[in-house]
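Novice: The following block contains the structure, expressed as structure tokens.
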Number of protein chains: 2
Amino acid sequence: MSMLQTNSRPYHHGNLRQALLQAAETALEARGATMLSLRELSREVGVSHTSPRRHFADKQALLDALAQSGFQRLDAALAAAAKARARNFSVRLTNLAQAYIEFALKHPALWVLMLEAKHRPGAPRELLDASDAAFSNAPALIRTGQAEGEIVPGDPARLSLTLGAALQGLVSISTEGKFKGVPLEALVPGIVKHVLLGLRPRS
Amino acid sequence: MSMLQTNSRPYHHGNLRQALLQAAETALEARGATMLSLRELSREVGVSHTSPRRHFADKQALLDALAQSGFQRLDAALAAAAKARARNFSVRLTNLAQAYIEFALKHPALWVLMLEAKHRPGAPRELLDASDAAFSNAPALIRTGQAEGEIVPGDPARLSLTLGAALQGLVSISTEGKFKGVPLEALVPGIVKHVLLGLRPRS
DNA sequence: ACCTGAACACCGTTCAAGT
DNA sequence: ACCTGAACACCGTTCAAGT
């Protein structure tokens, strides 16, 4: 009866949306996106299998919401890394890069989900906005670098595309956080150096 | 009866494995990986829903085989692009890059499947081998560049990682083949140039 | 408002059986 | 060898109904 209801789990659950997202993320990292079942999530959260419908139109909507929260957390992590003061520009750039890699390696399944969700035709606007926000951190730092004379002139978005793409690709190319046995974290400084100095010899 | 059998579709189908892979790829690009059903593929190919079992242990095995064939085709496309003769090195590098981008944009759903399959823990060795082969084209070209004095000395694998990652990331970052409205093909020369010359001003 | 239970039309996978 | 049909234990989604 109602006497059994507690504040942490009232009749109307109170937090079903958040509880479902949390359970989904755990299940996602543990068993993969293919194995994720709304019914199973409902069971874990302790609610009937039709309840999620109140908060998510369908399974895809739940996955989109999860991806969106991922982009928001990525944005926060990158912003924090970019804000950290450091003696020279390339160190700050490396810090941003490391934060990016760290996030991807920490939530590998969520990472894949984020990319998929973003690419899907008809992805919700909110999701794309969250993604754009996260990917605006690198251009902002590049702009700072230009002001300091550390970066060639040009459109910051275009210039940071090379760095951002290299980092994004580093994660995609690697398997289990490594490339040819070397952990990605150890590869980041080299990547940043190459992007700054280029592969062509400086006569 | 047996009189109705034709050479193109004998009783034992003859080509069920290939037919399933073809149908799967078509369905994949048309409806997405989530919507892909073995039973539906069986119906399309005209076979009972248990027949795929003869050729693929389970659904994942079929997807892995599809991803593997993707890597093999990517390898062929990249090898062809790298072989094409061109006056100077950076043009050859750009050609390779364009072939890479072209493949990814031509088969977007297959592309995602390939990356996922490769990242999945327990991915079959054959799949990883096919992936490694495809990703060996860039280091090979970098090695050539070093011989011509166009690329700084160093481990070709490490050096080409920056280029390969940048291209891979370019696809991942983009939505519907565009980045901020600009088609990826138009962005490739700039990326290659940045990777060669670097973002830091050349005094 | 928020949640439930029954019902519908699907799945993937297994297994004994057919040619 | 290769394929089939029935059966099992699941899905996602819909809908009328409960508090």
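The values are calculated or read from the model by the stated rules, or taken from the named source; none is laboratory data. The structure displayed is predicted, hence computed values, not measured ones. Please note: Cβ atoms are built from the backbone with ideal geometry, for glycine as well, and neighbour counts cover all protein chains shown. All accessible areas refer to the heavy atoms of the entire protein, side chains included, with ligands and DNA or RNA removed. Shrake-Rupley method; radii C 1.70, N 1.55, O 1.52, S 1.80 Å.
Novice: For region B:23-95, with equal point scatterers placed on the C-alpha atoms only and solvent neglected, what are the log10 I(q)/I(0) values from the Debye formula at q = 0.14, 0.20, 0.21, 0.25 1/Å, to two decimals?
Specialist: Each listed q corresponds, in turn, to -0.58, -0.84, -0.89, -1.12.
Novice: Inverting the mean 1/r over all pairs of different Cα atoms, compute the Kirkwood radius of the protein assembly as shown and quote it in Å.
Specialist: Result for the protein assembly as shown, one decimal place: 23.2 Å.
Novice: Residues with beta-carbon under 12 Å from that of B:Phe71, excluding B:Phe71: net charge, scoring Lys, Arg +1 and Asp, Glu -1?
Specialist: -3
Novice: Then there's this: Counting only other residues whose beta carbon sits under 12 Å from that of B:Ile142, what net charge do I get with K and R as +1, D and E as -1?
Specialist: Summing Lys and Arg as +1 and Asp and Glu as -1 gives +1.
Novice: How large is the translational diffusion coefficient of region B:9-56 in µm² per second when you combine the Kirkwood radius over alpha carbon pairs with Stokes-Einstein at 20 °C and 1.002 mPa s?
Specialist: 199
Novice: Before we go on, tell me the buried accessible area for the B/A pair, both chains summed, 1.4 Å probe, in Å² to the nearest 100.
Specialist: Adding both sides of the contact gives about 4200 Å².
Novice: If the limit is 23 Å between Cα atoms, which of A:Lys83/A:Lys106; A:Lys106/B:Lys118; B:Lys106/B:Lys180; A:Lys193/B:Lys83; A:Lys118/B:Lys180 go over it?
Specialist: Cα-Cα > 23 Å for A:Lys193/B:Lys83; rest within.
Novice: Also, quick follow-up: Taking Rh as the Kirkwood radius, which is the inverse of the mean 1/r over Cα pairs, what is the Rg/Rh value for region B:145-203?
Specialist: Ratio of gyration radius to Kirkwood radius: 1.04.
Novice: Could you compute the net charge surrounding B:Leu93? Neighbours are other residues with a C-beta less than 13 Å from the C-beta of B:Leu93; K and R count +1, D and E count -1.
Specialist: +3
Novice: While we're looking at this one, here's another question. Can you give me the relative contact order of chain A as a percent, contacts being Cα pairs under 8 Å and 6 or more apart?
Specialist: Relative contact order comes out at 19 percent.
Novice: Any chance you could look up the accessible area of B:Ser174 with a 1.4 Å probe, heavy atoms only, rounded to 10 Å²?
Specialist: Approximately 0 Å² of B:Ser174 is accessible to the 1.4 Å probe.
Novice: Do any trypsin sites (Lys or Arg not before Pro) in region B:27-115 lie in a loop, going by DSSP, with at most 12 other beta-carbon atoms within 10 Å of their beta carbon, and if so which?
Specialist: B:Arg85, B:Arg87
Novice: Pull up all non-local amide H partners of B:Phe179: gap of 5 or more, or a different chain, and H-to-H distance under 5 Å with H placed in the peptide plane.
Specialist: B:Leu184
Novice: How large, in Å, is region A:66-199 by the Kirkwood hydrodynamic radius built from its alpha-carbon pairs?
Specialist: Result for region A:66-199 stands at 15.3 Å.
Novice: As a check on your grasp of the helix formula, calculate [θ] at 222 nm for chain A: sum -39500 (n - 2.57) over DSSP H runs of n ≥ 4, divide by the residue count, round to the nearest 500.
Specialist: -21000 deg cm²/dmol
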